[in-house]
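Worksheet: one structure, shown below.
Derivation of every value follows stated rules applied to the coordinates shown; laboratory data play no part. It should be emphasised that the depicted structure is a prediction, and the values quoted were computed from it without experimental measurement. Counting neighbours? That spans all protein chains shown, and the Cβs are built from the backbone with ideal geometry, glycine included.
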């Protein structure tokens, strides 16, 4: 039985993510590789990584730009909640 797990460290998965990234860029969604990698590992495969390369490829290629944008917006809100007001001084005109 095949116990191999296809996670973001797998070369074929990485190649698929590069292809998906190029597709998203053609759709005018400007994200980098690490943003897509975070989405795949933290949302798509949070509970369980796929056990076949075909499943991994299909899941990555099925990702919609809206899903990634929604994830990044949510992450920005939660990350900013961990910061203090001093971290926003340059944005709100502090000294």
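Going by the conditions given, is residue 39 in contact (Cβ under 8 Å) with a residue 24 or more places away in the chain and in contact with a helix residue (DSSP H, G or I) (Cβ under 7 Å, 6 or more places away or on another chain)? Against the criterion (in contact (Cβ under 8 Å) with a residue 24 or more places away in the chain and in contact with a helix residue (DSSP H, G or I) (Cβ under 7 Å, 6 or more places away or on another chain)), residue 39 qualifies. Of all residues in segment 15-40, those satisfying the criterion of being more than 14 Å from residue 70 (Cα to Cα) and surrounded by 14 or more Cβ atoms within 10 Å (Cβ to Cβ) are 16, 17, 20, 21, 24, 37. Would you be able to say whether some residue in segment 57-74 is exposed (fewer than 12 other Cβ atoms within 10 Å of the Cβ) and over 14 Å from the mean Cα position of the chain (by Cα)? Checked segment 57-74: no residue is exposed (fewer than 12 other Cβ atoms within 10 Å of the Cβ) and over 14 Å from the mean Cα position of the chain (by Cα).
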